[in-house]
Structures are given as C-alpha cells and as structure tokens.
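Q: One structure, as structure tokens, below. Some questions next.
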Amino acid sequence: MKASAGGYARANDLGHAIEMLGSADGMGRVLAGGQSLVAAMNMRLTTGDLLVDISRISALSGITEDAASLRIGALTSHAEIGTDPLVRTYAPLLRDAVACIAHAAIRNRGTIGGALAHADPAAEFPACVLALDATIHVTGRDGKRAIPADDFFHEVFETALQPDEILTAITLPKAERDERQTLQEVTRRSGDYALAGLCLVRRRAGHRVSLLSVGSRPVLARHAMAHLDAGDIDGAVAALRAEIDPPSDTQASAGYRRHIAGVLLRRAMADLTGEKT
Amino acid sequence: MSEIFRAQVDIDLRVNGEQVAARVIAGQHVIDFLREELGLTGAHASCEHGVCGACTIRVNGQAVRGCLMLAAQLDGAEVWTVEGLSDNNTIRDLQDAFVARNALQCGFCTPGMLVSAEELLAQGGIPERGKIREHMSGNYCRCTGYEAIVDAIETVARQRAGKANS
Ligand SMILES: Cc1cc2nc3c(=O)[nH]c(=O)nc-3n(C[C@H](O)[C@H](O)[C@H](O)COP(=O)(O)OP(=O)(O)OC[C@H]3O[C@@H](n4cnc5c(N)ncnc54)[C@H](O)[C@@H]3O)c2cc1C
Ligand code: FES
Ligand code: FES
C-alpha cells in the first residue's frame, strides 16, 4: 500500500505553520519527525492529509534552562534528549526513556513534541511528563496555552490539542539535588513498545508514579503515590493493582499487565533504595 | 485544495555527492523516490512502517528510515545510500567483513545493515557486543541469525581502532 497525502507545505516559522493549519479546512496535519505519521500514511490509516511540515522551524528545537525549570522544544529529537547534559542532570527519566524508545534510526528523527501529540498510551514520553509534573505549551490562532501534563492526555491518540494548535515546548521542574527518577518496563524485545511500564519520581513534595501501556492513556497512580508517601510499599503495590484497568490484547492479558505493574513498582522502589529484587 | 498545499513538490538535494533536482508527489517516501526516480535500488522498501530497517539510508549525516521520511522533505538534504558509500569506499572494510564472516545469505537486509552499522562504527572505539546488538536491533535479518553480523561489525571496529592507533 502507498500513502496518499492531500498535499504538502513547508512552514518557515510558527506563525506560518498555524496560518497554514487554519487554511486547511480541517484536513491539516502537522508533520514533525514523521516516525508515527508517515508509518500511518503508508498503511493508509490516514489519507488525504494536508501536511504542514514543521520540521525546519529551528526555534522549536533545543533544550534550555532557567533557575527552576528545563524547557525542551517540541522538535528536539529523541536522540538529542538521550545525550543532552541538562537532561542528564535535571530530568534523567527522559534520558532513560530514550533508551527504551524504538531504535537508533527512529530516535534520530522522532521528536518529543510528536510523541506527546501522538499520545500513544504505550509510548514512554507521555508517562514521563506526567511523572515529572511537566507543562505542555501550545500555540494556536487564539494564542498560547500552558496545559498541565495531567490534563493533556484524553484518550488513545487524543489530547487537549485543538486542530489549529501546535505543541511548541514542554517545561518541567528541574530535579532537586536529592531527587530520584526511574523508569521500569517489560518488553519482549529491545525497542518494542512495552507490555507495561512505570515511572517513579521521588522529590521533596512526595512520590509520583505514572504508568504506560495499562489503559487508553498514561495514568498517574494517585493511591499508590499516597501509600509510598506513607512509607508503605506493600500497600502501594496493592493500591496500584486496584486503581488501574489495563486492557487485554494480543500482547498481554489484563491480569498479566496488572501483575507486572506491581512488580515494576517494587523494582522501581528497589532501584531508588539501591536494593536488589 | 488551497494553493498553499502542493500535490507535487520541487526539491533540490545531493544524492551520493551529486546534485539532483526533482518534482515529487507529496506522499511519496524517500525509498520509492530513490528506487523509482533515481534508479538507486540498494535501499529496500519492505515493511514500510519503520519496523525492519531494510530502508536505512543516511540523511544529513544520520541513519534514518527512508520509508518514514517523505521525498518532499529532502529539499536541501545530503543523502547517502549504500551505492554511494560503496563507490567512495566508506564501507569497503565492512562489506569485506560481511563477506568473510558470511554475514549475509539472501542479502535483502544487507544495505540497511551496512548503513546502520556504519553509523555506530563512525562513533569510533570498539563497542561491546551488547552495544552492537542494541544498535542493530532495529534491523531485521530473516536469514543469518545475527551472530555473524555482530561478528563482522566487531571485527571492523577492531581493525579501525588498530589503524587509528598505529
Ligand atoms: C518501529 C517503531 C517503533 C517505535 N517504538 C516506540 C517505542 O517503543 N516507544 C515510543 O514512545 N515510541 C515509539 N515509536 C514512535 C516514535 O517515538 C515517534 O517518533 C513518535 O511517536 C512521534 O514523533 P514524531 O516527531 O515522529 O511525530 P510525527 O510522526 O511527525 O507526528 C505524530 C502525530 O503527532 C502530531 N504532531 C507532531 N508534532 C506535533 C506538534 N509539535 N504539534 C502538534 N501536533 C504534532 C502529528 O500531526 C501526528 O498526528 C516507534 C516508532 C516506530 C516507527
Ligand atoms: S521498509 Fe522502512 S523500516 Fe521496513
Ligand atoms: S541475509 Fe536475508 S534477510 Fe538478512
């Protein structure tokens, strides 16, 4: 099967891209790294898109810091995030995530903005930004919005983004000096989407636990977090298994996913405390 | 369709060191462009959704999936395929090592394997076998069982490191 695009246009800057999306009569589609979109086009899961290629907008790429936060441009590639020194120091969870995402050639072109906008519940970055309590910045015809990660992911492939909006960057609080972050997941082969995965962040304000591949969107495990804050790991594992509602599919059953979610939480806690499981 | 969006896109690029100008269909991926318009049939279109790596080529210095990039996006790009990397001897030692170690049988995966492996080797040093396997994990081979491919890449890494030190 071959892709059938409705048309292609390259955006020079953000304003140009938003203008073009607005003129596309609902058929506009942002093209960033193309690592999900072009695959979907080749399989004809989507046809007739009017492609707005934003990949040359250099202002949307790169990683910067201010006193309290890190800002990652939407077009920053997985590969750049995996090797960036600021990320290593202030958001090591994202670096660990990169090692789990697909393969080298895909990481060279895939972008964090694309991964978040795509909102695959099995993807790593959406769960990471939830655990990190990040903010997602978008710009559209009506101006800018800053959306907490918690409110951004709605359903499989559905987010708070409006059709004329472009995700421009994420910001996240810099990790505190004694903050710990870890990502644990179970995959059958290197680079595959995980059967289930779990992010754990421990900062002064408390624990944050998010999961991927256990529902129609990445989820924050609030009950498990409360138990961890109280120092009760067994309680947290039980609460976690009770509060998620994973699907059964050809990859794994709901029961298996629920089971490994608990195992991953124990592994994550052991990783933070340096114990072996 | 509005004037802004083009069904056909003009691109100017360099392929294997040569300047190329072309008019491409908006939805055409890079591999179909290279194979059907330029006659460069080294890179293969196989799964066409990013899974197998048979389409791996070098664009602007990076190994990428040719099936997941549109030809329309190539304007101004520097593209190298297995043909160009062979002609300018970049991967001659790697090809020799693949032959010596029987790291190919049908050869369908080989162009992608070579471009992916060259990206790793270009980083220098002698990568651990685990690192070689991880780097090559996005390239499927249905014939060899991979052991020989990892051997060949490791051999070349050692040879190149030896040359760099001597
Ligand atoms: C074989 C394979 C394996 C993979 N494995 C994994 C994996 O294990 N884990 C994982 O997390 N991912 C995986 N991916 C997906 C990969 O991470 C993609 O890079 C990512 O999902 C999409 O990023 P992109 O920049 O390529 O976006 P694109 O493909 O360009 O776009 C994806 C979607 O997001 C929209 N979009 C993109 N950027 C923006 C923006 N800035 N504003 C608004 N909308 C936007 C597009 O319109 C489109 O709908 C895999 C992909 C492949 C092909
Ligand atoms: S043809 Fe591109 S990855 Fe399979
Ligand atoms: S040699 Fe046949 S697929 Fe690799």
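Q: Within the protein assembly as shown, what percent of beta bridges assigned by DSSP are antiparallel, to the nearest 5?
A: So the antiparallel bridges amount to about 85 percent of the total.
Q: Take every DSSP beta bridge with both residues inside chain B and express the antiparallel ones as a percent of the total, to the nearest 5.
A: That works out to approximately 90 percent antiparallel.
Q: Once you charge only the Cβ atoms, +1 for Lys and Arg and -1 for Asp and Glu, what is the size of the charge dipole of the protein assembly as shown about its Cα centre, to the nearest 20 debye?
A: 940
Q: Within the set of other residues whose C-beta is less than 14 Å from the C-beta of A:Ser4, count the net charge using Lys and Arg as +1 and Asp and Glu as -1.
A: 0
Q: Taking the Cα centroid of the stretch B:71-133 and of the stretch A:9-80, what is the distance between the two, rounded to the nearest whole Å?
A: Result: 29 Å between the Cα centres.
Q: Same structure again: Name the most mobile residue of A:Thr89, A:Thr250, A:Thr47, meaning the one with the largest mean-square fluctuation, in a Gaussian network model of chain A with Cα contacts below 10 Å.
A: Looking only at A:Thr89, A:Thr250, A:Thr47, the largest GNM fluctuation is found for A:Thr250.
Q: Something else now. In the stretch A:12-114, what % of DSSP beta bridges are antiparallel (nearest 5)?
A: In the stretch A:12-114, DSSP labels about 50 percent of beta bridges as antiparallel.
Q: Continuing with this model, one more query. At what distance in nm do the modelled label points of B:Gln8 and B:Gln159 sit from each other, each positioned 7 Å from its Cα along Cα→Cβ?
A: About 4.6 nm separates the two model spin labels.
Q: Semi-axes of the stretch A:62-173's equivalent ellipsoid from the Cα gyration tensor, sqrt of 5 times each eigenvalue, largest first, rounded to whole Å?
A: 20, 16, 13
Readers should treat all values here as calculations from the given coordinates under stated rules, not as data from a laboratory. Small disclaimer: the values here were computed from a predicted structure and weren't measured. Glycine also receives a Cβ, built like all others from the backbone with ideal geometry; neighbour counts cover every protein chain displayed.
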